[in-house]
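I have placed the structure first, in the form of structure tokens, so that the comments after it can refer back to it.
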Number of protein chains: 4
Amino acid sequence: MPIRVLVTGGTFDKQYNELAGTLTFGETHVEQVLERGRCRLDVAVQVLMMMDSLEMQEEHRARIVAAARTCAERQVVITHGTDTMVETARALAASVQDKTIVLTGAMVPFAFGSSDGLFNLGSALSFVQVLPAGVYVAMNGRWFAWDDVRKNRELGVFESIRGA
Amino acid sequence: MPIRVLVTGGTFDKQYNELAGTLTFGETHVEQVLERGRCRLDVAVQVLMMMDSLEMQEEHRARIVAAARTCAERQVVITHGTDTMVETARALAASVQDKTIVLTGAMVPFAFGSSDGLFNLGSALSFVQVLPAGVYVAMNGRWFAWDDVRKNRELGVFESIRGA
Amino acid sequence: MPIRVLVTGGTFDKQYNELAGTLTFGETHVEQVLERGRCRLDVAVQVLMMMDSLEMQEEHRARIVAAARTCAERQVVITHGTDTMVETARALAASVQDKTIVLTGAMVPFAFGSSDGLFNLGSALSFVQVLPAGVYVAMNGRWFAWDDVRKNRELGVFESIRGA
Amino acid sequence: MPIRVLVTGGTFDKQYNELAGTLTFGETHVEQVLERGRCRLDVAVQVLMMMDSLEMQEEHRARIVAAARTCAERQVVITHGTDTMVETARALAASVQDKTIVLTGAMVPFAFGSSDGLFNLGSALSFVQVLPAGVYVAMNGRWFAWDDVRKNRELGVFESIRGA
């Protein structure tokens, strides 16, 4: 059964614009990541938007929810900026019940050498195959239920709200 | 609950010896991979051996099996050369019943830029947390039961024996 | 005879701050670059400042000029932001006559995989050993006299003012 | 005036064959290196052979000498394995008088992350533009006349025979 990968941008897909000297979005790197990982899963990559998750409005979340709900696949991975990943997870949980949805992202752009993006996508694609229906965040090698996760901005890591 | 990572070498950990111009083993790169992935799992890394899996003898497999059986953790990831990974999986399945054991490796050394090692370790560490007790191989983003997997040497990928 | 390397920052030394999601300065990467290049030159690295060259004021240029003039070495390489590299070259030419000074930089931070920094520093360190006394810019594998060079901002390359 | 780059292989161009698990030659990486360095020199790249310099026979050196002698350019860079680079330099010096020829190579393949190849090619392309006619080796940021250089195999660096 194929897996749907919805791309929304985030640090994962940022790249360096050498003319402007700034971080910007271009094409997604998800296919490159899958190739690097010699991934042999049946994956359908769909780019919904390329944006910083701090700039996401309600309408953007509505589009993500709609795409996750209406796609044929029952396993969905979403690449997303880390800053509001939990907020989008909540919106998904309110609207999609019968699918396994895993959100992931990166602290460092894949385009830079030291990115966690390859690790995280390997992790998210694995969790989505085995976790029961529900909405999850996969970061730092861990998985979190959508209602038990927050980003610790001081440390740059995700953690359980209830501890552990 | 912590995860035990048993290191046995394999392509994953090979590196370039610039004086000899050959591929050799030095220290394991597993800690570096975990750091790159910003991994926050409670992981105990144990180096059992650093060798090419084509050179493994029965005694080496016995040591791997013993380490997996006697460690306190119930979730065990083993980094291993891809050539005889399936053989070691079989040996583990014959001797360890009550743990989730996931073998993984890499087609390209982590020390080289284009390695799948980061993806694969992210994948293996995820599967080991969610799959029921049993022995598995995690490669190419997929998981395989120990008795339904083979390495396709022409393509350099792992596949199910029974298809799909 | 040793070579003085004066570090002033610029894109060359920018790095990604994963907590803030921004490009910032930390320690210089020049030593790392020299190590990567297996450089065996007698090099004295001195960090003068770590700044974007667009933010350089007259006082900063005065400090660079003073350091280049007063150091014992007769061969000086300066890492510098590309945007005002030519301006600093002009200031140096007005004040230092008897040394070979080569300014270089990068279009992409060394910390990112795809940087030209390693190539450029290899180039600058080579030119400084063989060019006669004078002030030069070394970028794109080429060398330019300080009064015959400009940055082409559309292309992100340096070119001769008089052509060719 | 254009620069001729003659490619002969060596560690510089080795790559990892992930099916065989060995180091082999494929296409040259020289164009990639030039692109990475944002090189804007007028360079004509010509692949003569792709081989380990330990396996070079007299006929191979004869082909290198012929190519360097007969090409229209007066500035020639040769990428070469480090083990017999000095031997080829000697053969060139015996037959080509009126050109500047710079041999360079790498201790680590460019295809691997930690290569010195980018630094070395930046260095060689710079020296070739400024050094007078003659045959030179450019390694470790330094240049050596063909008759005053040897590879120190214990350290993996090039050094002057007469010291310094």
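Write down the percent of antiparallel bridges among all DSSP beta bridges whose residues are both part of the protein assembly as shown, to the nearest 5. Walk me through the numbers on the way to the answer.
Values: 44 of 120 bridges.
Taking every DSSP beta bridge within the protein assembly as shown, about 35 percent pair in antiparallel fashion.
Using unit Cβ charges (K, R positive; D, E negative) and no other charged atoms, how large, in debye to the nearest 20, is the dipole of the protein assembly as shown about its Cα centre?
Numbers: 64 positive and 76 negative charges, 0 e Å.
Its charge dipole is roughly 0 debye.
Solvent-accessible area of D:R153, probe 1.4 Å, all protein chains present, reported in Å² to the nearest ten, please.
Accessible area of D:R153: about 120 Å².
Just counting partner chain Cβ atoms within 10 Å, what average do the residues of peptide D:124-135 show around their Cβ? If you can, show how the numbers build up before the last one.
Numbers: counts 3, 6, 17, 6, 1, 8, 7, 3, 1, 0, 0, 0.
Counting Cβ atoms of other protein chains within 10 Å of each residue's Cβ and averaging gives 4.
When only the heavy atoms of the protein chains count and the probe is 1.4 Å, how do B:V96, C:V45 rank by accessible area, highest first?
Details: B:V96 10, C:V45 45 Å².
Ranked list, largest accessible area first: C:V45, B:V96.
State, to one decimal in nm and shortest first, how far the label point of A:R150 sits from each corresponding label point in the other identical copies (label point: 7 angstrom along Cα-to-Cβ).
So the label point of A:R150 gives 5.3, 5.5, 6.8 nm to the other copies.
Sort the range D:46-164 into rounded, prolate or oblate with this rule: let a ≥ b ≥ c be the square roots of the eigenvalues of the Cα gyration tensor; rounded if a/c is under 1.5, and if a/c is not under 1.5, prolate when a/b is larger than b/c, oblate otherwise. Please list the in-between numbers first.
On the way: a/c = 1.33, a/b = 1.21, b/c = 1.10.
Rounded.
In a shell of Cβ-Cβ distance under 11 Å around B:P2, excluding B:P2 itself, what net charge do Lys and Arg (+1) and Asp and Glu (-1) give? Spell out each step's value before the answer.
Values: positive: B:R4, B:R74; negative: B:D42, B:E73.
Charge balance in the 11 Å sphere: 0.
How big is the range A:14-60 on each of its three principal axes, counting only the C-alpha atoms and giving the largest first in Å?
Principal axes ranked by extent give 35, 32, 12 Å for the Cα atoms.
What 222 nm value per residue comes from the helices of the protein assembly as shown, counting each DSSP H run with n ≥ 4 as -39,500 (n - 2.57) and dividing by all residues, nearest 500 deg cm²/dmol?
Details: 16 runs with 178 residues, N = 656.
Mean residue ellipticity at 222 nm (helix-derived): -8000 deg cm²/dmol.
How much net charge surrounds D:T24 when only the other residues with a Cβ under 12 Å from the Cβ of D:T24 are counted, with Lys and Arg +1 and Asp and Glu -1?
Values: positive: D:K14; negative: D:D13, D:E18, D:E27, D:D52.
Charge balance near D:T24 sits at -3.
Along the range D:16-32, what does the Karplus equation 6.51 cos²θ - 1.76 cosθ + 1.60 (θ = phi - 60°) give for ³J(HN,Hα), rounded to whole Hz, x for Gly and Pro?
Computed from phi, the couplings for the range D:16-32 are 8, 8, 6, 7, 8, x, 10, 8, 9, 9, x, 6, 6, 9, 4, 4, 4 Hz.
Kindly provide log₁₀ I(q)/I(0) values, in the same order as q = 0.06, 0.10, 0.12 Å⁻¹, from the Debye equation applied to equal alpha-carbon scatterers of the protein assembly as shown.
-0.38, -0.97, -1.22
Which percent, to the nearest 5, of DSSP beta bridges fully inside the range A:47-144 are antiparallel? Write down the numbers at each step before the final one.
On the way: 3 of 12 bridges.
DSSP beta bridges in the range A:47-144 are roughly 25 percent antiparallel.
With Kirkwood's inverse mean 1/r over C-alpha pairs for Rh, give me the Rg to Rh ratio of the range C:1-116, two decimals please.
On the way: Rg = 14.0 Å, Rh = 14.5 Å.
So for the range C:1-116, dividing Rg by the Kirkwood Rh gives 0.97.
How high is the relative contact order of the range D:58-132, in percent, counting Cα pairs under 8 Å that sit 6 or more residues apart? Walk me through the numbers before you get to the answer.
Values: 83 pairs, mean separation 22.8, N = 75.
Relative contact order, the range D:58-132: 30 percent.
Positive end of the dipole of the range D:1-159, charges at C-beta (+1 Lys, Arg; -1 Asp, Glu), about the Cα centre: which of D:L54, D:G113, D:V149 has its Cα farthest in that direction?
Farthest towards the positive end: D:V149.
List every residue whose amide H lies under 5 Å from the amide H of A:A44, counting only residues 5 or more places away in sequence or on a different chain, with H placed 1.01 Å from N in the peptide plane.
Here A:I3, A:R4, A:V5 satisfy the definition.
Tell me, what is the per residue accessible area of chain D in Å², probe radius 1.4 Å?
Details: 6280 Å² over 164 residues.
Accessible area per residue: 38 Å².
So what is the relative contact order of chain B, in percent, for Cα pairs below 8 Å that sit 6 or more residues apart?
23 percent
Rounded to the nearest 10 Å², what accessible area does A:I161 have for a 1.4 Å probe in the complete protein model?
A:I161 has an accessible surface of roughly 80 Å² with all protein chains in place.
With θ set to phi - 60°, apply the Karplus curve 6.51 cos²θ - 1.76 cosθ + 1.60 along the range B:40-54 and write out the HN-Hα couplings as whole Hz, x wherever there is a Gly or Pro.
Using θ = phi - 60°, the values come out as 10, 6, 7, 10, 10, 8, 9, 8, 8, 6, 10, 8, 5, 5, 6 Hz.
In the neighborhood of D:D147, defined by Cβ-to-Cβ distances under 14 Å, what is the net charge if each Lys or Arg adds +1 and each Asp or Glu adds -1? List each step's numbers first, then the result.
Details: positive: D:R90, D:R150, D:R162; negative: D:E87, D:D148, D:E159.
Neighbourhood net charge equals 0.
The values are calculated or read from the model by the stated rules, or taken from the named source; none is laboratory data. On a predicted model such as this, the values are computed, not experimentally measured, just so you know. Cβ: placed from backbone, ideal geometry, glycine included. Neighbour counts: every protein chain shown. Surface areas here come from the heavy atoms of the whole protein model, side chains and all, with no ligands, DNA or RNA. Shrake-Rupley method; radii C 1.70, N 1.55, O 1.52, S 1.80 Å.
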